[in-house]
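The values are calculated or read from the model by the stated rules, or taken from the named source; none is laboratory data. The structure presented is a predicted model; accordingly, all values stated were derived computationally and were not measured. As a convention, Cβ positions derive from the backbone with ideal geometry for all residues, glycine included, and neighbour counts pool all protein chains shown. Just so you know, the surface numbers come from the protein's heavy atoms only, side chains and all, with ligands and any DNA or RNA stripped out. Shrake-Rupley method; radii C 1.70, N 1.55, O 1.52, S 1.80 Å.
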Number of protein chains: 2
Amino acid sequence: MRRFVLFASLRNHFRRRFHSHYINQNQTHLLSSRFLSSSMASSKSSPAVTIDTINPKVIKCQYAVRGEIVILAQKLQQELQAKPGSHPFDEILYCNIGNPQSLGQQPITFFREVLALCDHPAILDRSEAQALFSTDSISRAWEILDQIPGAATGAYSHSQGIKGLRDTIAAGIEARDGFPADPNDIFLTDGASPAVHVMMTLLIRSEKDGILCPIPQYPLYSASIALHGGTLVPYYLDEARGWGLEISELKKQLEDAKAKGITVRALVVINPGNPTAQVLAEENQQDIVEFCKQEGLVLLADEVYQENVYVPEKKFNSFKKVARSMGYGEEDISLASFQSVSKGYYGECGKRGGYMEVTGFTPDIREQIYKMASVNLCSNISGQILASLVMSPPKVGDESYESYCAERDGILLSLARRAKTLEDALNSLEGITCNNAEGAMYLFPRIQLPEKAIKAAEAAKCAPDAFYCRRLLNATGIVVVPGSGFGQVPGTWHFRCTILPQEDKIPAIVSRLSDFHKSFMDEYRD
Amino acid sequence: MRRFVLFASLRNHFRRRFHSHYINQNQTHLLSSRFLSSSMASSKSSPAVTIDTINPKVIKCQYAVRGEIVILAQKLQQELQAKPGSHPFDEILYCNIGNPQSLGQQPITFFREVLALCDHPAILDRSEAQALFSTDSISRAWEILDQIPGAATGAYSHSQGIKGLRDTIAAGIEARDGFPADPNDIFLTDGASPAVHVMMTLLIRSEKDGILCPIPQYPLYSASIALHGGTLVPYYLDEARGWGLEISELKKQLEDAKAKGITVRALVVINPGNPTAQVLAEENQQDIVEFCKQEGLVLLADEVYQENVYVPEKKFNSFKKVARSMGYGEEDISLASFQSVSKGYYGECGKRGGYMEVTGFTPDIREQIYKMASVNLCSNISGQILASLVMSPPKVGDESYESYCAERDGILLSLARRAKTLEDALNSLEGITCNNAEGAMYLFPRIQLPEKAIKAAEAAKCAPDAFYCRRLLNATGIVVVPGSGFGQVPGTWHFRCTILPQEDKIPAIVSRLSDFHKSFMDEYRD
């Protein structure tokens, strides 16, 4: 106790000296003597918040995509900048996150023209604008401004998003699915993540409420379930069958959860899959819909990669289309479908645009969803505009149509080539088996780690896959995320690698990755 | 039971007919017979979610600013559009929400120029751009693009926001306060609301954790405390003393809460006040800082109206400046200050830009705050850019400086005039007393409602102030929010009215409001 008091008194002394010094230089006149004396009288300085007194749900929440390995990458990048040549590579290659434009993907010109014009409508009437912007971007900007009350792109909108933009999105969904969509079912959000939080807030009452989530999964789901205090009920995708989703596994996990007293409220399905890159077959989706209907589960359909399908034998079908095709309507199944401007060929992550389409909820529940949206007022208007644009791109006959198609197809075809090249390269490596890259933006290869490597990881107090990823980063500058961040069958090891580096970088990535892997195996082979 | 089965079977019959009809026209080929039969076999149709099975915290959460009265206003607006002349007014005047651009306030030209250029950097090099954009907006756009890795405005940024923009904001805070600011203390968010949610998530563990909130308050606080499952510990602002904040009241409420077993974690102060329009005196702020230090409370300082001060005798001081002026540093007080691009003279609500500056938290707590930010990846980049612009507007010598000053001062002086006109008009009405409009964007007049009006409200199953506001809306088209949405001393009645309608509308508002009030009093005077 005496030692503590002494320490506290020394610290207070130092602190007052430091502050007095600073204040003398700047703000002496503001310092009233009554506070100096009260500060001196007080020795209380226990912090208002400590790690032991914050919400334990926050501590429980993990988000590997921006976790430890990325913090290490940022440190290495700073070192490289401060001292070029300090590492055996000259740049950090961020393959940890689906962030295409950070790796050089260019935005779709038409989308950006419209956004710029809506940001500064004062130039729309100027003749110089016609030289700088395509005719259809100018007319689209006018159309959008007409849909916004007072053309005020700086005003809060309706909490679900601007009605005219929701009309456009609903029309886009209708054109995609061949079934009607209602603009009142659309909630525009700052990217898809806040929409997922809204649904978790709605559904989770306590740790007795469970959400069925695929394993591996995108860690937004585990993180938001943890933050909202629910229980993640895992179902394992079958790696041996191309990460297939088996209904028998869903049933088994549901029964297990029930036996533990968990009320399962919803099923998360990510299609195309993140991190697994699988695209669900329609029959499989029908079985999933039937399962949710029979078990009274809300279907949370993460459909943000709906434009990212790379193999001709697969096709994206929205769960709403599948349900409606089965004859199921509003009263049969509660469905929230998430879409985002961050993915697809557009990759506009920084714009934070997205929406959810909610169907099969009663009016009183929808009122509650609306209320939650209204507490944050509305999502950003540029993101809202962009969400309407991706669901309604230029059409045949529009001035931008050809250049738009060329940009879109250039990106999607290149992504398909990159996916295939990386998949083949990974499959050629000792002990690595990589899934078929059907869609989305990732590969999730499995690594058979030698016992010696697993022991070395244990010694380094590190999960074996994290150990591998850290070694890879330190040797090559390539950032990938350990499989443990997504979940995997215990005793198996994976990592997630995006297919997003520009095509001219792919050969170097393949050769650096291959060289590293060979030397890693040489070091640790049993 | 039999009746239920019959009903369900009839409904299923109808539903299938409807769907079959739709499907026949559109997607017959997709409908596999096995699902028609399974659909027919199943009679289960209890919804996955009912109002009784959702998270009760969601039901508890209320947000009056976009509540019942606004829904009524939207209905009236639709009626007016469908049938002009159907109401005794020809437009709805939204005075319910601080949304300046929805009422015709024009954005600051320089800010919009920079945003447009950052949205479509391809035009920056074009000679036509020089005719359309000011020189300094072009150079500022280049500067900002240089601060963004790869100039990629469509990429996710660092989860705290783009480092270069945080540098600019920190420099702006430093210039404002005369004390250093650290860019690592800045977390950019989609408006201020998500920042408030982050702090509530961090601090609230259960209903045993309390947050001291002013009454009246901006309902974001009550809503987010309810959603996060904490307890709002009210402290009453003293209307008789210009909505003054008395430390004795804080102490009393803190002790009362403690006696009830509540652990009070934080104190919310809104300065300038919403809805009360008061601007705190520096001595008062010093007392508040001292109180938080002594009691170990986090100070949550809502400073989004920092540019909105309308009376020469008052001045905005940030709580950080006040604390530092008192000699208090990082170890003395935990402080989160919220700022937004939605308020001030800029009023860019739809851009959803904002930040919080967090000081006085240990590194392990900051890591947790960072983790929460990372789960949603980042805030929107246009909002981030705008947040940097409002903290670093054009300077003397810049091409835009004079026009920028004219736009800014035009808006602020006009707001001051509107505030005064409305304040005087309200004070001239029988039974209404209105506070001094020192700052922010609102007036919060008190109405002495006659007993007869209170009885009429009871008969209409409505709070008396909500009754008054509904009558006002139905008679005049003016939308204001009942005091009960913000909290008030029991038995007193108020409403919140923004000062934001454009100046040419103010005379009509004053006369409509006065006429309504007189006839209301004539009808109900005791």
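Miscellaneous remarks
- Subset of B:57/B:208; A:57/A:208; A:57/B:208; A:163/B:75; B:60/B:260; B:351/B:420 violating a 23 Å alpha-carbon distance limit: B:351/B:420
- Remark on the stretch B:54-189: ratio of C-alpha radius of gyration to 2.2 N^0.38 Å is 1.54.
- Distances from residue B:458 to itself in the other copies, using label points 7 Å out along the Cα-Cβ axis, amount to 7.6 nm in increasing order.
- For the stretch A:206-300, the Stokes-Einstein estimate of translational diffusion at 37 °C and a viscosity of 0.692 mPa s comes to 246 µm²/s, using the Kirkwood hydrodynamic radius over alpha-carbon pairs.
- Take each residue of peptide B:204-216, count the partner chain Cβ atoms within 10 Å of its Cβ, and average: the result is 1.
- Solvent accessible area, Å² - residue B:142, 1.4 Å probe, full protein context: 100 Å²
- Residues of the stretch A:254-270 buried by at least 30 Å² on assembly (accessible area, 1.4 Å probe, chain alone as reference): A:265
- With protein chains left intact and a 1.4 Å probe, residues in chain A average 37 Å² of accessible area per residue.
- Pairs of alpha carbons in the protein assembly as shown separated by more than 59 Å make up 10% of all such pairs.
- Sequence-distant contacts, meaning Cα pairs under 8 Å at least 6 residues apart, place the relative contact order of chain B at 19 percent.
- Just so you know, the averaged projected area of the alpha carbon convex hull for the stretch B:256-409 sits at 12.1 nm².
- Taking 25 Å as the straight-line reach from the Cα of residue B:452, the lysines in range (excluding those fewer than 8 positions away in the same chain) are B:461, B:518.
- Near residue A:124, no amide H atom lies under 5 Å from its own; only residues 5 or more places off or on other chains count, and H is placed 1.01 Å from N.
- Reciprocal of mean inverse Cα separation for the stretch A:205-252 (Kirkwood radius, Å): 11.4 Å
- Dimensionless Rg/Rh of the stretch B:380-501 - Kirkwood Rh, Rg from C-alpha atoms: 1.14
- Proximity of backbone amide H atoms, modeled 1.01 Å from N, is registered between residue B:494 and B:447, B:483, B:484 at under 5 Å, excluding neighbours fewer than 5 places apart on the same chain.
- In the assembly of identical copies, residue B:399 has its label point, taken 7 Å from Cα in the direction of the beta carbon, separated from the corresponding points by 2.4 nm (ascending, one decimal).
- Computed on the stretch B:104-170, the Cα convex hull volume stands at 115 Å³ per residue.
- Calculated label separations, residue A:130, copies of the chain, 7 Å along the beta-carbon direction, nm: 2.3
- What you get for chain B, charging only the Cβ of Lys and Arg (+1) and of Asp and Glu (-1), is a dipole of about 3180 debye around the Cα centre.
- FRET efficiency estimate (nearest 0.05) - Cβ-Cβ, residue B:252 to residue A:511, R0 56 angstrom: 0.20
- Within 10 Å of the Cβ of each residue in A:339-352, the mean number of Cβ atoms contributed by other protein chains is 4.
- For the protein assembly as shown, DSSP calls about 50 percent of its internal beta bridges antiparallel.
- Reduction of at least 30 Å² in accessible surface, 1.4 Å probe, comparing all protein chains with the chain by itself, residues of the stretch A:316-332: A:325, A:326, A:327, A:328, A:331, A:332
- Mean-position separation - Cα centroids, the stretch A:127-162 and the stretch B:213-274, in angstrom: 42 Å
- Approximate spin-label separation residue A:504-residue B:263, in nm, with each point projected 7 Å along Cα-to-Cβ: 5.7 nm
- Protection proxy ranking for B:286-298, A:210-222, using the average of other Cβ atoms within 10 Å per residue and placing the highest first: A:210-222, B:286-298.
- Theoretical gain in end-to-end length, residue A:366 to residue A:128 [0.36 nm per residue, Cα-Cα removed]: 81.0 nm
- Each helix, a run of at least 4 DSSP H residues, gives -39500 (n - 2.57); summed and divided by the residues of chain B, these come to -14500 deg cm²/dmol at 222 nm.
- Pairwise alpha-carbon distances in chain B exceed 36 Å for 43% of all pairs.
- Percent carbon-and-sulfur accessible area, the stretch A:475-526, ignoring ligands, DNA and RNA, probe 1.4 Å: 58 percent
- Ordering B:277-284, A:364-371, B:190-197 by mean Cβ neighbour count within 10 Å, with the highest value first, yields B:190-197, B:277-284, A:364-371.
- Full-stretch length increase - residue A:175, residue A:525 - with 0.36 nm per residue and alpha-carbon distance subtracted: 120.6 nm
- Inter-chain shielding of B:120-132 (mean C-beta neighbours from other protein chains, 10 Å cut-off): 5
- For the stretch A:80-90, the Karplus equation 6.51 cos²θ - 1.76 cosθ + 1.60, evaluated at θ = phi - 60°, returns couplings of 4, 5, 5, 9, x, x, 6, 9, x, 8, 10 Hz by residue, with Gly and Pro reported as x.
- The stretch A:47-102: C-alpha pair distances exceeding 12 Å, %: 74 percent
- Projected label distance in nm at residue B:75 and residue B:330, using a 7 Å step from Cα toward the beta-carbon: 5.6 nm
- Label zone at residue B:143 (point 7 Å along Cα-to-Cβ), backbone N below 14 Å, the stretch B:379-399: B:385-399
- When accessible surface is computed with a 1.4 Å probe, chains A and B are found to bury approximately 10300 Å² between them, both chains counted.
- Isotropic mean projected area of the C-alpha convex hull, the stretch A:253-313 (nm²): 4.9 nm²
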